[in-house]
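Please read the structure below before turning to the comments.
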Amino acid sequence: MPIAPEHLALLYTGPFDAYLYGRASRDPKKKGRSVGSQLSEGRELCEENGWPIKAEFPDVDRSASRYAKRAREKFEEMIAGIESGDCRILVAWEASRYYRDLEVYIRLRNACMANGVLLCYNGTVYDLSKRADRKATAQDALQAEDEAEGMRDRNLRTVRQNAKAGAPHGRLLWGYARRYDVDTGDLVEQYVHPERGPIVRDIFERVAAGQTEYSILKVLRSKGERLPGQRWEYHNLQGMLRNIGYNGRRIHQGRDAGKATWPAIVDDELFAAVQQIVSAPGRRTTDSTAVVHLLSGIARCGLCPGTPPPHLKVLNNRGGILSYQCSEKYDVVIAKAKTDAYVEEAVIEYLESKAALAAFTSTEDQKRASTARARMKQLQGQLDEGRVLAGQLDASGVPRLSVTSLASLEASLMPQIEKAKAESERLNVPPVLRGLVGRPNVDAIWQDMTIEQRRTVLRAVVNIRLMKARVSGVRKIEPGRIRLTFYGEPGFVSDWHRAGRLRQSVAE
Ligand SMILES: [Zn+2]
């Protein structure tokens, strides 16, 4: 007959060297008991009864059922230990922790029987050399297997219910991936696909930066296929840009049905910026053929006073050579082509620079980022310390921090570290510049942009003043001839752009 743990010493001679075994399927909703708490219950039981713990076998994310796909490494390690005579009693918390199918039970029973190892679960000790105990454990094993089957059925029902409640279902949104419980086949979560997610975000950023769908499509096609055998098409892009799923919201019967259970790839601000762009009437989706000059209305006279000073306009003089000229007096004039090239080069260089990155990170952001960095360091230190302790043995040969404790420490610290890391890298860049600032390949992106888009960027990042040539007829741009003041530099005025646009529209 099975016996209570506290009576074990009366009927059997010790020492009762114990193995602890904990197992849990992945359980992000924390519905089940964690492996850590199972093991700590087991530890208490051992302590109460004076059973020295020889080893612990936390078996996280390894299912016992026959639906499991992954190897049950710890289980195998434990069997090997039993067979080597390392322990006298095996402690787990529930029958289902040992065996969810009969095959596993039989292996365990044979190993225990052959090596005189007692089995303890549900607060009862079984001696498998006795027929009655074999029968009782076999019944439990049968029941556990039945429960596993039942759980699988329940999980399938849950999936159907979730689908009704609006959890991820149906076609997977490109950019995401789904994780299923290896045990039950239940959908555990929808997460951001590590390669596709960033592409989606990049696309939104490019649109916000003013690039056309045509140029984005070219970039995407050069990167590869959307899915094997499927080229990127306009409708892919257009559908994507309007899909609130990327903003972490779900649609139900054509309407925004609130926050979804999956994370957003595109944050609220960026998503809103893109919606404004894609819903604008008369939006051009292909490159414009209209003649617009890069700097007219944006660059300003460096000699005339005014807030803002008069802008430059384009003049067609001397046999088709275009020039920029002060729009009020005729005090400054410069050849258009070389001026455009000069400014573009300087702006690209600026956008790629660390100075630009720094300029678009506000002091408030910087403070937050440095706090986050400090926190990240501190958490990382805690984790490192835990890892060192886990690698050290105390006088009795037991790790100073158990593998289980380390696992739960890691489980609690890693997400916090990730969060602090993300926070420390967060930048407060206006949507129009998000796809540009600090990128190493601004040049390539710039080549893809239309002149309108380039003008939008120029308005946001640079003040351009044209000064007088020291000597007339100089072909090269002399130092100081074109004064550029970038965003973040002293003297930069962002209101000019707004004021400039207003003046322009009044003039038109
Ligand atoms: Zn002037």
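Coordinate-derived values only; no laboratory data. Because the structure is a prediction, the values reported are computed rather than measured. So basically every Cβ, Gly included, is an ideal-geometry build from the backbone, and we count neighbours across all protein chains shown.
Observations, loosely collected:
- HN-Hα J in Hz across region 485-494 - Karplus 6.51, -1.76, 1.60, θ = phi - 60°, x for Gly and Pro: 10, 8, 3, x, 8, x, x, 5, 10, 8
- Net length gained if the chain between Glu233 and Asp331 were fully extended (0.36 nm per residue, minus Cα distance): 30.2 nm
- Sequence-distant residues sharing a close amide H with Leu90 (under 5 Å, placed H): Tyr19, Leu118, Leu119, Cys120
- For Ala299, the residues whose amide H sits under 5 Å from its own are Leu312, ignoring neighbours fewer than 5 places away on the same chain, with H placed 1.01 Å from N.
- Relative protection proxy for 112-123, 303-314, 217-228, from highest mean packing down: 112-123, 303-314, 217-228 (other beta-carbon atoms within 10 angstrom).
- Between amide H atoms placed 1.01 Å from N, distances below 5 Å from Ile53 occur with Ala18, all of them 5 or more places distant or on a separate chain.
- Cβ crowding within 10 Å ranks Arg387, Arg196 as Arg387, Arg196, fewest other Cβ atoms first.
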